[in-house]
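Data first, discussion second: the structure below is written as structure tokens.
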Ligand code: EZ4
Ligand code: CO
């Protein structure tokens, strides 16, 4: 079964998605996600100019060889643009193999380890009270795990808080230049401990709570936050500090038993090898789109499992429904799966383009037995939503210093 053609689509049903369609000479095709938020055209061009010409005529069944050819075979390794492009091809080839075998991809990985995939939803608000009201709504909808983010009084915007925007598509989809946001660790600390104290007082201990620091703290500050949050028993604290220097997590780890999660920006195992091997984290959050696809994530999951680290794939709105589908197959298989981040299945426009076969029930996702990834892409509908340049924000301390966003 030879690769006949590969198409790349950049559409914007409220925010940008890069979708790859690999078509074979037997007319089975596969879909992959190559979305890199704020850098979409770089990945699309990289695919069109550099990868696709090398793939035409190859056997679509050779997933491993094609992955190695694109990763090891190329002198310039790693990198977000490169790995997103490799990821999309890889996902599409797994989709094709599943369709050819008439089996869902999870069967090819080894079958189901669980009935369904547990999710955590997002609650956010301008005040602690609003955030907790939102949390209550999600609990009423059946979610068992919820990530709480609340506006920090005295800062112009806070990560993870919608403000006057209706949803994440509206928040992130229309920023023709990067907006600037303020950060103050002191103001944040005053709010965040109170948020979790009030959440536990209101909801008791039968619900999982999570929080994303979004890399704003220094390691010793993360250690202090982890300690202060210990009484409120978080499922995990996400992106407490940047770990470009993986050793820096030792500082956090030696001070707190709050579980730690990281990895959504990582592109390869090499970004998290020491974190996993030294058991400095509890959840690895690499995404199929940004870390080289199903082939790479399966290896990272196995490596993590022997070090007692669970998987918790990134589930932001900037990963397309194709990536979400890929994550579902990995999650239902991985023996060390932990939890999946979930922000809904998209908006009414994205639903016209991407049709999935998943069902949401009581905070869990159930997979169908559709062959491959179980996702469809409507090319004609996608054409109605052309690409619109949009950036992520940039963060500055109150004195103007550029900080981690
Ligand atoms: O800010 O994916 O856990 N989720 C997150 C995301 C990231 C975006 C950046 O593109 O941290 O919302
Ligand atoms: Co995050």
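Rule-based calculations on the coordinates, nothing more; no lab input. Since this is a predicted model, take the numbers as computed values, not measurements. Cβ sites come from the backbone with ideal geometry, for glycine too, and all protein chains shown count toward neighbours.
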Inset, instruction - Look through the stretch 213-232, keep the residues that are part of a loop (DSSP other than H, G, I, E, B) and under 14 Å from residue 192 (Cα atoms), and return whichever of them is farthest from ligand 1 (Cβ to nearest atom). - result: 217
Inset, instruction - Select from the stretch 385-405 the residues that are away from ligand 1 (no atom under 16 Å from the Cβ) and in contact (Cβ under 8 Å) with a residue 60 or more places away in the chain and write down the one among them that is farthest from the chain's Cα centre (by Cα). - result: 398
Legend entry - Residue match in the stretch 127-144 (condition: within 16 Å of ligand 2 (Cβ to nearest atom) and in contact with a strand residue (DSSP E or B) (Cβ under 8 Å, 6 or more places away or on another chain)): no
Legend entry - Residue ranges of helices (runs of 4 or more DSSP H) in the stretch 286-400 with at least 2 members buried (at least 16 other Cβ atoms within 10 Å of the Cβ) and touching a strand residue (DSSP E or B) at 6+ places or on another chain (Cβ under 6 Å): 293-305, 321-333
Legend entry - Failed criterion for residue 187 (all others in (1) farther than 30 Å from residue 364 by Cα; (2) over 23 Å from the mean Cα position of the chain (by Cα); (3) surrounded by fewer than 16 Cβ atoms within 10 Å (Cβ to Cβ) hold): (3)
Inset, instruction - Among what's in the stretch 248-267 and is part of a loop (DSSP other than H, G, I, E, B) and within 26 Å of residue 81 (Cα to Cα), pick the residue that is farthest from the chain's Cα centre (by Cα). - result: 267
Inset, instruction - Considering each residue of the stretch 164-212, count those that are in contact (Cβ under 8 Å) with a residue 12 or more places away in the chain and not in a strand (DSSP E or B), and give that number. - result: 32
Inset, instruction - Please specify each residue of the stretch 145-164 satisfying the condition of being within 15 Å of ligand 1 (Cβ to nearest atom) and out of contact with any strand residue (DSSP E or B) (no Cβ under 9 Å at 6 or more places or on another chain). - result: 163
Inset, instruction - Pick out, from the stretch 1-73, the helices (runs of 4 or more DSSP H) lying fully within it that include 1 or more residues that are under 16 Å from residue 323 (Cα atoms). - result: 40-46
Legend entry - Qualifying residue in the stretch 235-245 (condition: assigned to a helix (DSSP H, G or I) and within 25 Å of the chain's Cα centre (by Cα)): no
Inset, instruction - With the condition kept exactly as written, say whether any residue in the stretch 138-154 is crowded, with 22+ Cβ neighbours inside 10 Å and in a helix (DSSP H, G or I). - result: no
Legend entry - Answer from 118, 110 - the residue that is in contact (Cβ under 8 Å) with a residue 60 or more places away in the chain and touching a strand residue (DSSP E or B) at 6+ places or on another chain (Cβ under 8 Å): 118
